[in-house]
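Shown next, in structure tokens, is the structure this report addresses.
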Amino acid sequence: MTLEIYQFPARSDNYGVLVHDPESGNTASIDAPSAAEVEAALAAKGWKLTHIFTTHHHNDHTEGNAALKAQTGCEIIGPSGESEKVPGIDKKVGEGDTFKFGKYTVEVLETPGHTLGHIAYVIPEAKVAFVGDTMFAMGCGRVFEGTHEMMWNSLSKLRKLPADTVVYAGHEYTQSNAKFALTIEPDNEALQQRAAEVDTVRAQGMPTLPTTIAAELATNPFLRACEPEVKAALKMNDAPDWAVFGEIRTRKDNA
């Protein structure tokens, strides 16, 4: 029996995600944007919440923690680096830690930058990663608490995941990300094609997530800061990768 994943819209532009192991009956919510929306998703699927996997402390990812824990007794797992900011946390995890979720092993990557303690959850056997606000489709999170170099190092960890890894992220920002990406690489044919596809999908009111590592390596300017063609486009041929990333992030911040 394979892992079941259910993505649903939450708040104004968040995504909630439920992960269900039918063999054990375990169900995890990736973050908890709001208790009511997670509860509605659980009811729609007929699943009982057993865990919350928190990626970082921001309120739009943790607002539902306390209410969901009170209602279900679920275990809240979250980043050790900012555990004091995660409501209801039971288990603190960091780089290199693993834990069992039913028959699956969940691996933890520390991906600081957006926040200092941000983590991602990877389930290699299911070829899936839950990256919170570290990376979006054709984008990445704002660098609120860390540095550009720190965020680049975090994205570099995600770059190294198998290309067929399916990636779930925290927000539906893809259409605006695509428009910005084209200002960095207007001649990238894969990006041109994907941007057109995203416009079609969004016009139909459909989600653009999940994505894959392969798609991001081909079209995400933030992940591509190390590529010679991106450096050349920015006239930063000899600059370190993190500095190129920093230039792209600064341009996006000011767009």
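When restricted to residues that are closer than 23 Å to D133 by Cβ and either hydroxyl-bearing (S, T, Y) or part of a loop (DSSP other than H, G, I, E, B) (or both), segment 9-58 contains 16. For first residues located in segment 226-247 and over 19 Å from L158 (Cβ atoms), partners that are loosely packed, with under 15 Cβ neighbours inside 10 Å and lie 6+ apart or on another chain with Cβ distances below 6 Å form the pairs K231/N237.
Tell me, please, whether a residue that is crowded, with 23+ Cβ neighbours inside 10 Å, closer than 24 Å to A126 by Cα and touching a helix residue (DSSP H, G or I) at 6+ places or on another chain (Cβ under 8 Å) can be found in segment 61-69. Within segment 61-69 (the criterion being crowded, with 23+ Cβ neighbours inside 10 Å, closer than 24 Å to A126 by Cα and touching a helix residue (DSSP H, G or I) at 6+ places or on another chain (Cβ under 8 Å)), the answer is no, since none of the residues qualifies.
When segment 112-148 is filtered for residues that are farther than 15 Å from N220 by Cβ, among the small types (G, A, S) and touching a Pro at 6+ places or on another chain (Cβ under 9 Å), the ones remaining, listed by number, are G117, G146. Among the residues of segment 182-228, how many are crowded, with 18+ Cβ neighbours inside 10 Å and either in contact with a strand residue (DSSP E or B) (Cβ under 8 Å, 6 or more places away or on another chain) or modelled with pLDDT under 95 (or both)? Number of matching residues: 9.
Is it true that E125 is touching a strand residue (DSSP E or B) at 6+ places or on another chain (Cβ under 6 Å), modelled with pLDDT of 95 or more, farther than 21 Å from F180 by Cα and not in a loop (DSSP other than H, G, I, E, B)? Judged against the criteria, E125 is a match. Of the residues screened, G113 is not one that is within 21 Å of H20 (Cα to Cα), in contact with a helix residue (DSSP H, G or I) (Cβ under 8 Å, 6 or more places away or on another chain), touching a residue at least 24 places away in the same chain (Cβ under 8 Å) and part of a loop (DSSP other than H, G, I, E, B). Taken as a whole, the condition of being in a strand (DSSP E or B) and of a type outside the set (F, W, Y) applies to V167. Is it true that A181 is within 13 Å of M138 (Cα to Cα), assigned to a helix (DSSP H, G or I) and either out of contact with any helix residue (DSSP H, G or I) (no Cβ under 9 Å at 6 or more places or on another chain) or of a type in the set (K, R) (or both)? So A181 does not fit the description; no.
Residues in segment 123-138 that are surrounded by fewer than 24 Cβ atoms within 10 Å (Cβ to Cβ), of a type outside the set (D, E, K, R) and within 29 Å of N188 (Cα to Cα): V128 only.
The values are calculated or read from the model by the stated rules, or taken from the named source; none is laboratory data. These numbers come from a predicted model, not from an experiment. Every residue, glycine among them, receives a Cβ derived from its backbone with ideal geometry; neighbour counts consider all protein chains shown.
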